Amino acid sequence: MATSTSKIRLLTYHHIPNNGAFLFAHSLLNLLQKEFPSADIETLDYRTRRLAAYEFMKRFKPLKGIPRFYDIRARLWNREMQGHLPLDTNFPHWANIKSLQQFFAREYTAVVTGMDVWCIIKGTQRPAFPNIYWLPEKNSLLKIAYSVSAYHSNPQLISQVADQISNNLDGFEIIGARDHFTFDMVHKYRQRK
């Protein structure tokens, strides 16, 4: 049960100009605030370098008939997100995964990660594995995966990092998968019962 000193943070792709990304973060935040009204609950305004660069470069992608569409959309998105989503920016944004998780363990009671943040692919559309969304460090932080997805992952890449996936999954107290692919992956690789 959350207390008045509890600090819960959401770690998602909230910053991507996508209705589903915003709705996920906004609805989960509202649900947690309703269930734990005395807790301090916000979304971590976190972007990996790789994903931030990908999203920035996408602004210059031409769309036939609508010049600067992606740039305008990103600017509008940022403005709306800032106005409707409580964001926590008070953390070391560009720290390595270990340092960032040590900060999380000191400052927060729990971190909830979710969406398609566990997708393991080659390319720049997603952060390289391992990444912060897997919360790979062992520490006292309560780790929860809510409606998390690894769908569209490359099965060969998954098999190459299976031991590391297993270790990461074992660090989560609760894992709720949003699709069969992720559900099966969790059942296959999670050793903790």
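The values are calculated or read from the model by the stated rules, or taken from the named source; none is laboratory data. Everything numeric here is computed off the predicted structure, so don't read it as measured data. When we count neighbours, we look across all protein chains shown, and the Cβ atoms used for this are built from the backbone with ideal geometry, even at glycine. Calculation scope for accessible area: heavy atoms of the full protein, side chains included, ligands and nucleic acids excluded. Shrake-Rupley method; radii C 1.70, N 1.55, O 1.52, S 1.80 Å.
Worth a mention:
- Condition check for residue 61 on (1) modelled with pLDDT under 90; (2) in contact with an Asp or Glu (Cβ under 8 Å, 6 or more places away or on another chain): one failure, at (2).
- Filter pass, residue 189 being within 28 Å of residue 22 (Cβ to Cβ), among the hydroxyl-bearing types (Ser, Thr, Tyr) and surrounded by fewer than 20 Cβ atoms within 10 Å (Cβ to Cβ): no
- Checking each residue in region 126-152 for being open to solvent by 10 Å² or more (accessible area, probe 1.4 Å), of a type in the set (S, T, N, Q) and farther than 18 Å from residue 184 by Cβ picks out 139, 140.
- Residue that is nearest to the chain's Cα centre (by Cα) [pool: residues in region 181-193 that are within 26 Å of residue 98 (Cβ to Cβ) and either modelled with pLDDT under 95 or among the basic types (Lys, Arg) (or both)]: 190
- Given (1) out of contact with any Leu (no Cβ under 8 Å at 6 or more places or on another chain); (2) open to solvent by less than 60 Å² (accessible area, probe 1.4 Å), number of the condition residue 56 does not satisfy: (2)
- Test for residue 70: is it assigned to a loop (DSSP other than H, G, I, E, B), open to solvent by less than 60 Å² (accessible area, probe 1.4 Å) and of a type outside the set (Gly, Ala, Ser): no
- Of the strands (runs of 3 or more DSSP E) lying entirely inside region 82-180, the ones with 2 or more residues being under 13 Å from the mean Cα position of the chain (by Cα) are found at 110-115, 142-148.
- Checking 176, 114, 123 one by one, the residue that is touching a strand residue (DSSP E or B) at 6+ places or on another chain (Cβ under 8 Å) and surrounded by fewer than 17 Cβ atoms within 10 Å (Cβ to Cβ) is 176 and no other.
- Residues located in region 98-111, provided they are of a type outside the set (A, V, I, L, M), without any contact (Cβ under 8 Å) to a residue 60 or more places away in the chain and open to solvent by less than 60 Å² (accessible area, probe 1.4 Å): 99, 101, 103
- Unmet criterion (only one of (1) hydrophobic (A, V, I, L, M, F, W, C); (2) touching a Lys or Arg at 6+ places or on another chain (Cβ under 9 Å); (3) closer than 24 Å to residue 169 by Cα) for residue 69: (3)
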